[in-house]
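Report on the following structure.
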Amino acid sequence: MNKIKNYINGELISPLSDSYIDNYEPAAGKVYSLIPDSDERDINCAVEAAVKAFPVWSVTPAEERSKILLKIASLIQKNLDKLAIAESIDNGKPVSLAKSVDIPRAVKNFEFFATAIIHFASEAHIMEDKAINYTLRNPIGVVGAISPWNLPLYLFTWKIAPALAAGNCVIAKPSEITPMTAYLLSELCIEAGLPAGVLNIVHGYGHKVGKAISAHPDIKAITFTGGTKTGADIASIAAPMFKKLSLELGGKNPNIIFADCRFDEMLETTIRSSFSNQGEICLCGSRIFIEKTLYDRFKNDFVDRVKKLEIGDPNKPGTEQGAIVSKQHMEKILSYIELAQEEGGKILCGGNRVNMDGRCKNGWFIEPTVIEGLTHTCRTNTEEIFGPVVTIQSFDTEEEVIEKANCTEYGLASILWTENLTRAHRVSAQIKTGIVWVNCWMLRDLRTPFGGMNSSGVGREGGLEALRFFTEPRNVCVKIEDGL
Ligand code: NAD
């Protein structure tokens, strides 16, 4: 069976424990490869290699670093089909989605930060006749990156590309549930000529490898994407050590639909914002609020369209809904569907596990599910489910929907549908989320700040925010004796 390896000090090696974790193909419900069960000792080796590599990598001219990162981008592009198939097998998402979204975005992440670093400028502050201040921005040193399973290579590269571009050495840990494309990336990094120790990828469990990254004294900053509880665990170890932290956490995003929206476009986008990647995207709009006058029309057309979504083998070109990432996660989602019914919700469509035929007969599939009749404060409407489950609720006034939309501990993203420009601006300014999409969803400009408020995280990633996070600013104040 295919054994994934750690990438430490430029080499692909086995974990020191020499033990492995089963890696499942969700669509088939069976083990198809093995993941290193690494621990603190492997992290120590990786950090040692990174510390050794840092003095050279941090002073390698930005243009040289950029060239290597662009080479990695072009190798990901060259291997797009292979990586997309690997991502689909590992995660359960349709191959078509991995080909059109996940892997192209991994290419863009490297391209974006490889070119951004060449144009990255630091500030100067002039005190007229007294002094000139300028800001030096040096790489931090060795930094950690911990990523989740839902958009594996997409989010992994979103973290490591800016860290490397800024001149840091990186210890990265992909999710143990979807490690394959990070492993394939390590092969491409070797091919691209990335110097040994600059990037180290250590596989394994969060409570071993992730925890060792959080606790290692030589890792000076951590970028993490994943669940809110895990973010709090990491912060409890790293914050007292005064590590820089960027935490991108869970969400429970509202999708607010006013009656004056462009209906057809809204409906098609709402299908995507509800069920893309089986609803396993932190930005999916899982609470749909519809203005009362549009409610019945929306409900009929939406449910009709959801029932037609093609659930099937992620390998097949026509499949729109693939498998849920793990058995455990499938059971969690099904338990929330049960809870919704206990809370008085009515299932309008879906609600069940799907039993497939053929090679997917033991796979983990759930019907896309739409629920109505719940209060906005119930657990189903305030806790993150992270699957193909949405609720629909009606509202009368703008004030009412803003209050209901803001009624969770989360604050990641929101979606707003209206043709009234003044209202769009007014509501956008009052929704407590780090990202507001008006008449669109997942339209991403990589220069914009990305991240959430409250329990959805701390800090922003993307564009200059990421390069600022991965550098240490130092102000130099030079007194001017005779003025400028
Ligand atoms: P998770 O928190 O279980 O795991 C994320 C990563 O953290 C994995 O690599 C895991 O091994 C590691 N980890 C687990 N325990 C750890 C510990 N104690 N110390 C250090 N590392 C540890 O999350 P998940 O289930 O992989 O991903 C789903 C979650 O991610 C959802 O809540 C989703 O909303 C969130 N998410 C957020 C964003 C965002 O941008 N805000 C994007 C994608 C996913």
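The values are calculated or read from the model by the stated rules, or taken from the named source; none is laboratory data. Here the structure is a predicted model, which is why all the values come from computation and not from measurement. Here Cβ is always computed from backbone atoms with ideal geometry, including for glycine, and neighbour counts include all displayed protein chains.
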### Query
Does the stretch 205-224 hold any residues that are within 8 Å of the ligand (Cβ to nearest atom) and touching a residue at least 24 places away in the same chain (Cβ under 8 Å), and which are they?
Tyr205, Gly206, Val209, Gly210, Lys211, Ile213, Ser214, Phe224
#### Entry: Positions within the stretch 269-315 being touching a residue at least 24 places away in the same chain (Cβ under 8 Å), away from the ligand (no atom under 16 Å from the Cβ) and acidic (Asp, Glu), in sequence order
Glu291, Asp301, Asp313
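Which of the residues that make up the stretch 286-317 are at pLDDT 95 or above, farther than 13 Å from Phe275 by Cα and not in a helix (DSSP H, G or I)?
Looking only at the stretch 286-317, we keep the residues that are at pLDDT 95 or above, and these are 286-316.
When the remaining residues are screened for being farther than 13 Å from Phe275 by Cα, the result is 289-301, 304, 312-316.
Hits for the stretch 286-317 are Phe289, Ile290, Glu291, Gly312, Asp313, Pro314, Asn315, Lys316.
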### Message
For the stretch 253-280: of the residues being outside any helix (DSSP H, G or I) and crowded, with 24+ Cβ neighbours inside 10 Å, which is farthest from the chain's Cα centre (by Cα)?
### Response
Ile257
### Query
Residues in the stretch 175-184: is at least one near the ligand (Cβ under 10 Å from one of its atoms), acidic (Asp, Glu) and assigned by TED's automatic domain parsing to the domain that holds Val47?
yes
### Task
Working only within the stretch 1-41, note down all residues that are of a type in the set (Gly, Ala, Ser), within 19 Å of Leu185 (Cβ to Cβ) and part of a loop (DSSP other than H, G, I, E, B).
Gly10, Ser14, Ser38
### Message
When you scan the stretch 325-338, do you find a residue that is buried (at least 21 other Cβ atoms within 10 Å of the Cβ), more than 16 Å from the ligand (Cβ to nearest atom) and assigned by TED's automatic domain parsing to the domain that holds Phe258, even just one?
### Response
yes
### The listed residue being free of Cβ contacts under 8 Å to residues at least 60 places away in the same chain, on the phi < 0 side of the Ramachandran plot and outside the structural domain of Cys360 (by TED's automatic domain parsing), out of Asp18, Asp22, Asp39
Asp22
### Query
Gly344 fails exactly one of the following numbered conditions: (1) more than 16 Å from the ligand (Cβ to nearest atom); (2) touching a Leu at 6+ places or on another chain (Cβ under 9 Å); (3) in a helix (DSSP H, G or I). What is the number of that condition?
(3)
### Summary
Picking from Gly227, Gly197, Gly167, Gly193, the residue that is within 10 Å of the ligand (Cβ to nearest atom) and of a type outside the set (Phe, Trp, Tyr) would be Gly227
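If you go through the stretch 148-159 one residue at a time, do you hit one that is among the polar types (S, T, N, Q), in contact with an Asp or Glu (Cβ under 6 Å, 6 or more places away or on another chain) and within 22 Å of Tyr20 (Cβ to Cβ)? Even if it seems obvious, please write down each step before you answer.
Here is the first cut: in the stretch 148-159, the ones among the polar types (S, T, N, Q) are 150, 157.
Filter again for in contact with an Asp or Glu (Cβ under 6 Å, 6 or more places away or on another chain), leaving 150.
Retained after the next criterion (residues that are within 22 Å of Tyr20 (Cβ to Cβ)): none.
No - not one qualifying residue is present in the stretch 148-159.
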### Task
Could you tell me which of the residues Ser147, Ser122 is modelled with pLDDT under 95 and not acidic (Asp, Glu)?
Ser122
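Right, Phe156: within 16 Å of the ligand (Cβ to nearest atom), assigned to a helix (DSSP H, G or I) and modelled with pLDDT of 95 or more or not? Even if it seems obvious, please write down each step before you answer.
Details: within 16 Å of the ligand (Cβ to nearest atom): yes; assigned to a helix (DSSP H, G or I): yes; modelled with pLDDT of 95 or more: yes.
Judged against the criteria, Phe156 is a match.
Out of the stretch 230-248, which residues are basic (Lys, Arg) and within 7 Å of the ligand (Cβ to nearest atom)?
Pass one, the stretch 230-248, residues basic (Lys, Arg): 243-244.
None - no residue of the stretch 230-248 is basic (Lys, Arg) and within 7 Å of the ligand (Cβ to nearest atom), so the list stays empty.
Output the residue which, of all residues in the stretch 81-130 that are acidic (Asp, Glu), buried (at least 19 other Cβ atoms within 10 Å of the Cβ) and in contact with a Leu (Cβ under 8 Å, 6 or more places away or on another chain), is farthest from Glu25 (Cα to Cα).
Looking only at the stretch 81-130, we keep the residues that are acidic (Asp, Glu), and these are 81, 87, 90, 102, 111, 123, 128-129.
Still in the running and buried (at least 19 other Cβ atoms within 10 Å of the Cβ): 87, 90, 102, 111.
Add one more test, that the residue is in contact with a Leu (Cβ under 8 Å, 6 or more places away or on another chain), and what stays is 87, 102, 111.
Values: Glu87: 10, Asp102: 18, Glu111: 30 Å.
Among those residues, the one meeting the criterion is Glu111.
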